[in-house]
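Derivation of every value follows stated rules applied to the coordinates shown; laboratory data play no part. Nothing here was measured: the structure is a model prediction, and the numbers come from that model. Glycine also receives a Cβ, built like all others from the backbone with ideal geometry; neighbour counts cover every protein chain displayed.
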Amino acid sequence: MKIEPLRIIEENDAEVTIEWSDGVESRYNAAALRRSCPCAGCIDEWTGKKLLADDAVPDDIAFRQIAIVGRYALNFQFTDGHDSGIFSFDLLYKFAQS
């Protein structure tokens, strides 16, 4: 059975909660998501090495906008202007499990 989000709740400018189809509820912080961005500018496409230094992301970063991408992902526009990461629901669920 594929786990999918049932509800996506913007709690405030820096937190979003996802209620998953298996009953799990996960809360995500903007700074943690920005530091985990999977885009090619933040992760080397060939090696998988992280390029973004965690300390380059301020703890008080927030979401400027959150958009659903198709039926499979979220895109976050952060207050530092970064907006190229596509966070698949599978990836977000994995984040919640770690």
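Compute the label zone of E11 within the stretch 20-37: residues whose backbone N is under 16 Å from the point 7 Å along Cα-to-Cβ.
Of the residues in the stretch 20-37, 20, 24-34 have backbone N under 16 Å from the label point off E11.
Do any GluC sites (Glu not before Pro) in the chain lie in a loop, going by DSSP, with at most 12 other beta-carbon atoms within 10 Å of their beta carbon, and if so which?
Values: sites: E10, E11, E15, E19, E25, E45; in loops: E45.
Those that pass, being in a loop and sparsely packed, are E45.
Considering the values (1) 45, 37, 22; (2) 34, 31, 25; (3) 45, 38, 26, which represents Cα extents along the principal axes in Å as calculated for the structure under consideration?
(2)
Can you pull out the trypsin sites (Lys or Arg not before Pro) in the stretch 1-68 whose DSSP state is coil and whose Cβ has at most 15 other Cβ atoms within 10 Å?
Sparse-neighbourhood loop trypsin sites (Lys or Arg not before Pro): K2, K49.
Which Cys in the chain stand alone, with every other cysteine's Cβ at 4.7 Å or more from theirs?
Lacking a cysteine Cβ partner under 4.7 Å: C39.
What does the charge add up to near K50, with Lys and Arg as +1, Asp and Glu as -1, over the other residues with Cβ less than 11 Å from its Cβ?
The answer is 0.
What percent do you get for the relative contact order of the chain when only Cα pairs under 8 Å and 6+ apart count?
20 percent
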